[in-house]
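Okay, here's the structure, questions in a sec.
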Amino acid sequence: MIKIEPVAFVKNSRKEAIDDNWGPIDSEITLAEHIPTEAFNGIEAFSHLEIVFHFDQAEESKIVYSGRPRGNPDYPVMGIFGQRKKDRPNRIGLCTIEMVAHKSRTVTVKGLDAIDGTPVLDIKPVFREFQPKGTIMQPDWVAELLKHYW
């Protein structure tokens, strides 16, 4: 069995996993007690971070492998790996966000779609060289679904 422990925790004003209006939410990510402060050394040199987190409040009984995004009958049936739903087999989330500030054991970020108390599994700086090359393709329904997300 793989054992993964949180390296940090999210603190923000969002208490429920609501799908929209994440734009105004600022979050603090504070290191877990067992992670030394120096783990954040040099992080302020980066403008963006990738946050890997656990949807710990998503119910395992609600995990799905396919369905219409947000249950909307206007959207196609998609496999879980063709959408970003929280009810995933391993309940793992990933978000690329803007880092606003770093102070000691905490970074303040914008654009993290994780609720208050969410366990953070990993934090990585965004390197330009790791970003996608070429055009990013997606179906038209994605823009409609995310119209009010941020």
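How many residues, within segment 63-120, are farther than 26 Å from residue 131 by Cα, among the hydroxyl-bearing types (Ser, Thr, Tyr) and surrounded by fewer than 17 Cβ atoms within 10 Å (Cβ to Cβ)?
Here the count works out to 3.
Continuing with the same structure: Just checking, how many residues over segment 1-42 are of a type in the set (A, V, I, L, M) and closer than 16 Å to residue 94 by Cα? Break it down into steps so the answer makes sense when it comes.
Taking segment 1-42 as the starting set, the residues that turn out to be of a type in the set (A, V, I, L, M) are 1-2, 4, 7-8, 10, 17-18, 25, 29, 31-32, 35, 39.
Narrowing further to those that are closer than 16 Å to residue 94 by Cα: 4, 7-8, 10, 17, 29.
So the answer is 6.
Something else: Could you tell me whether any residue of segment 20-31 is more than 15 Å from the chain's Cα centre (by Cα), in contact (Cβ under 8 Å) with a residue 60 or more places away in the chain and assigned to a loop (DSSP other than H, G, I, E, B)?
Within segment 20-31, none of the residues are more than 15 Å from the chain's Cα centre (by Cα), in contact (Cβ under 8 Å) with a residue 60 or more places away in the chain and assigned to a loop (DSSP other than H, G, I, E, B).
Further question on the same structure: Can you pull out every residue in segment 32-52 that is surrounded by fewer than 19 Cβ atoms within 10 Å (Cβ to Cβ) and outside any loop (DSSP other than H, G, I, E, B)? Step through it out loud before you land on a result.
Pass one, segment 32-52, residues surrounded by fewer than 19 Cβ atoms within 10 Å (Cβ to Cβ): 32-39, 41-48, 50, 52.
Hits for segment 32-52 are 37, 38, 39, 43, 44, 45, 48, 50, 52.
Laboratory data are not the source of any read-out in this text; all were calculated from the coordinates shown. Here the structure is a predicted model, which means the values were calculated and not measured. Heads up, the Cβs are rebuilt from the backbone with ideal geometry, glycines too, and the neighbour counts pull from every protein chain shown.
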